[in-house]
Amino acid sequence: MEDGGQRMKLKLDENLSRHLKPVLTHLGHDVLTAADEDLLSRPDTEVAASASREGRILLSLDIEFADLPSAAFGRNQNTSEQRITRITPIRFAGL
């Protein structure tokens, strides 16, 4: 990234705008979507496990992810803390 910021590996859930991927990619992030990986309409556990296997941060508007056990993210509760954070949606100019 040109500004010295850290590049993030992200996975966008299907409930986020398709216009978000190019914005985040332009900012220098490595972005895949649920659609890119044929995960549309798949259970939340599959989407979460896919993100975890790839070392990606999962971005979603689906608050039900907070109810999933950490095992759904491919994590053992004894060795890793899984944190779900609710973030207020950001409005991107022109989207």
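Simple spin-label model, 7 Å along Cα-to-Cβ: HIS26 to GLU14 in nm?
2.7 nm
For region 11-56, just say rounded, prolate or oblate: build the C-alpha gyration tensor, square-root its eigenvalues into a ≥ b ≥ c, call rounded for a/c under 1.5, and beyond that prolate if a/b exceeds b/c, oblate if not. Spell out each step's value before the answer.
Working: a/c = 2.76, a/b = 1.48, b/c = 1.87.
Since a/c reaches 1.5 but b/c is at least a/b, the shape of region 11-56 is classed as oblate.
Put a dot 7 Å past each Cα toward the Cβ at ARG7 and LEU40; how far apart are the dots in nm?
In this crude label model, LEU40 to ARG7 measures out at 2.8 nm.
Computed from the coordinates by the stated procedures, all read-outs in this text should not be read as laboratory data. Just so we're clear, the structure is a prediction, and the values are computed from it rather than from any experiment. Note that we place each Cβ from the backbone using ideal geometry, even for glycine, and neighbour counts take in every protein chain shown.
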